[in-house]
1. Report the paramagnetic label zone for residue 272: residues of segment 217-244 whose backbone N is under 13 Å from a point 7 Å from Cα along the Cα-to-Cβ axis.
2. What distance in nm lies between label points placed 7 Å from Cα along the C-beta direction at residue 152 and residue 241?
3. Can you tell me how the chain classifies by the Cα gyration tensor, rounded, prolate or oblate, using a/c under 1.5 as the rounded cut?
4. Round to the nearest 10 and give me the degree value, 0 to 90, for the angle of helix 102-113's Cα axis relative to the longest principal axis of the chain.
5. So what is log10(I(q)/I(0)) for segment 39-171 at q = 0.12, 0.16, 0.18, 0.20 1/Å, when the Debye sum runs over its Cα atoms only?
6. At 0.36 nm per residue, and after removing the present C-alpha to C-alpha distance, how many nm does the segment from residue 167 to residue 16 gain when stretched out fully?
7. Which of 154, 38, 95 has the fewest other C-beta atoms within 10 Å, and how do the rest follow up to the most?
8. For 201, 12, 64, what's the fewest-to-most ordering of other Cβ within 10 Å of each Cβ?
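Every read-out reported here was derived from the displayed coordinates using simple, explicitly stated rules and does not represent laboratory data. Computed from a prediction, not measured in an experiment: that's the story for all the values here. Don't worry about glycine lacking a Cβ; one is built from the backbone with ideal geometry, like all the others, and counts go over all protein chains shown.
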Ligand SMILES: [Zn+2]
């Protein structure tokens, strides 16, 4: 029988469980209990921590602060990459208005404190979505990286060519300003109620308004496959017929219905198995390279 305290075994258990969040969390709990014996920079440990942090929208946040602390201590550069992945996913994914995303906000704050320039476009998009309190945290991180809360300064920074080109720097910086300095409007509603309404309205990303470079089918597939890989599943192997073949990743519950990018909501299928899907369900696997408006048209697979 294999030793259940070994990171390699835990990583495999996560894989065999179909990336159940409960199993990921149990693995992290085991790592926490055996911290004296394990090496945090062990690739299996890092993979488990990454899967835990990428499980955005998971039912529990408490233990994630431990994963955050440990991944930071084990490999700060690797940790930064994971924060960027989490940020990109947040900027592009549905947000649940009832959640406050404490761990994700901690990661965003770190990107701001560390002045990670390449995070700016995604941070600005998230700030402009006005999903509080996440947007406020993102806006503060922008101000921290740019070194200013001035809208014009932020616009100029977003235009500089050391960053990926953004489609609408003026709109982005306006969004940051709104999140930093919410307008006081004459209204009988409390600011809390107004913010609540705004957050509900903006919980879904608007693919037409996205000022990040539109995430084409290819980029989305790369991101979803990275999430699958982080969860220790093989994104090149079909989840239905188990063949290694060109595959695509789709959502079981589509993003338009608040389906998350959690590994448990992602399914990998080969072309042959996709062809066997009823036509409407196949739309969850939009054509590679297709523009991102397919986002809102994604349908449930099951
Ligand atoms: Zn297949």
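1. From segment 217-244, the list is 238-244.
2. With each label point 7 Å from Cα toward Cβ, the separation is 6.1 nm.
3. Oblate shape, in that a/c is at least 1.5 and b/c is the bigger or equal ratio.
4. 60 degrees
5. Rounded to two decimals, the profile gives -0.46, -0.78, -0.96, -1.13.
6. The residue 167-residue 16 span can extend by a further 50.2 nm.
7. The order, fewest Cβ neighbours first, is 38, 95, 154.
8. 201, 12, 64
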